[in-house]
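Let me begin by presenting the structure, written as structure tokens, before commenting on it.
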Amino acid sequence: MTTTSEAAEAVVVQLQGVRKVFNPGTAIATEVLHGIDLSLHKGEFCAVMGPSGSGKSTLLNIVGLLDRPSSGSLAINGEETTQLDDRALTRLRGHSIGFVFQYHHLISAFTALENVMMPMLGAAGFPNAEMHQRALELIASVGLTPWQNNMAGNLSGGQQQRVAVARALAMKPALLLADEPTGNLDSKSADAVFELLRRVNREQGTAILFVTHNPELAQRCDRTIQVIDGLVSG
């Protein structure tokens with residue numbers, strides 16, 4: 001039997017009444033999110049869909065602690081975030097949230113292995129053997145050991161995105177935000193990246209928000225959250 005405390009711990013993301021207004025108090029004030037209520041539990045893999053301008057990016061930026069809501073509450077792993085200062089938000093984001101974007105944002109002059117080490121290096125301030133071993137394991141988990149010492153700029157698009165997934169997992173985040181990670185890939189590479197995310201989700205229990213315009217990929221997720229005109233359903 002699951003206790004109340006265990007159920008609470010299983011909630012990775014909790015939004016309640018989240019609104020976002022740009023240029024508040026001015027004649028051009030624009031409300032983009034209109035009181036969002038949303039929960040994401042450990043091990044959930046959720047697609048996020050909606051037309052351009054619907055508020056998807058704003059929602060993802062708020063969940064990723066890259067922007068603050070105008071009102072409402074947001075908890076990550078049970079920690080209420082709206083009253084945290086910038087330093088505390090940076091700490092929480094770095095340790096609890098991984099990001100995979102449409103453009104991989106790798107450092108082309110660094111190797112695949114070095115790119116995966118970057119989040120750990122940023123947290124620790126200096127490299128160590130444990131960090132190196134963790135990066136080796138992550139590179140192996142995405143099937144890129146033979147290419148681990150290749151410069152990131154010399155990898156294919158699909159390989160680069162797999163490195164980006166490995167990098168996003170470096171700090172063992174409870175939440176992974178994937179913003180159109182397959183949008184620039186051919187269908188075979190897109191399928192491989194999706195299956196990699198799915199495997200991470202199932203094996204590690206990582207909660208994933210997967211923004212996509214691909215209905216076929218969305219159907220393979222646990223559920224789909226529709227964002228339309230600043231409101232969500234699903």
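Each reported figure results from applying straightforward, stated rules to the coordinates on display, with no laboratory input. Only a predicted model underlies this, so the values are computations on that prediction, with no experimental measurement involved. All Cβ positions, even for glycine, are placed from backbone atoms using ideal geometry, and neighbour counts span all protein chains on display.
Between the residues Phe126, Ser71, Gly94, the greatest Cα displacement towards the positive end of the dipole of the range 31-171, with unit charges on the Cβ of Lys, Arg, Asp and Glu, is found for Phe126.
Its residues counted as N, the chain yields a C-alpha radius of gyration over 2.2 N^0.38 Å of 1.03.
Taking the Cβ of Ser141 as the center, what net charge do the other residues with Cβ under 11 Å away carry, scoring Lys and Arg +1 and Asp and Glu -1? Neighbour charge sum, excluding Ser141 itself: +1. In debye to the nearest 20, how big a dipole does the range 40-125 give about its Cα centre with +1 on each Lys and Arg Cβ and -1 on each Asp and Glu Cβ? Value, rounded to 20: 80 debye. The lysines whose alpha-carbon is closer than 27 Å to the alpha-carbon of Lys20, local same-chain residues fewer than 8 away aside, are Lys42, Lys56.
The simple Förster model, with R0 at 22 Å and r as the Cβ-Cβ distance, assigns Asp191 and Met151 a FRET efficiency of 0.30. Remark: spin-label model distance Ala27-Leu136 equals 6.5 nm, labels positioned 7 Å along the Cα→Cβ axis.
Only the Cβ atoms of Lys and Arg (+1) and of Asp and Glu (-1) were treated as charged; on that basis the dipole of the chain about its Cα centre amounts to roughly 220 debye. Over all Cα atoms in the range 109-234, the spread is summed up by Rg and Dmax: 15.5, 49 Å.
Rounded to the nearest angstrom and ordered from largest down, what semi-axes does the equivalent ellipsoid of the range 184-234 get from its C-alpha gyration tensor (root of 5λ)? Display every interim value, and only then the final one.
On the way: eigenvalues 86, 48, 13 Å².
After diagonalising the Cα gyration tensor, the semi-axes are 21, 16, 8 Å.
Once the Cα atoms are used to define both axes, helix 157-168 deviates from the longest principal axis of the chain by about 70 degrees. Along the Cα-to-Cβ line of His41, 7 Å from the Cα, sits a label point; which residues in the range 184-218 have backbone N less than 17 Å from it? What the label zone holds, given the 17 Å backbone N cut-off, is 201-209. Shape summary of the range 74-161, radius of gyration then Dmax from alpha carbon positions: 15.1, 45 Å.
Near Ala88, within a Cβ-to-Cβ distance under 15 Å, what is the net charge of the other residues, with Lys and Arg +1 and Asp and Glu -1? Please report the intermediate quantities before stating the final value.
On the way: positive: Arg68, Arg87, Arg91, Arg93; negative: Glu79, Glu80, Asp85, Asp86.
Summing Lys and Arg as +1 and Asp and Glu as -1 gives 0.
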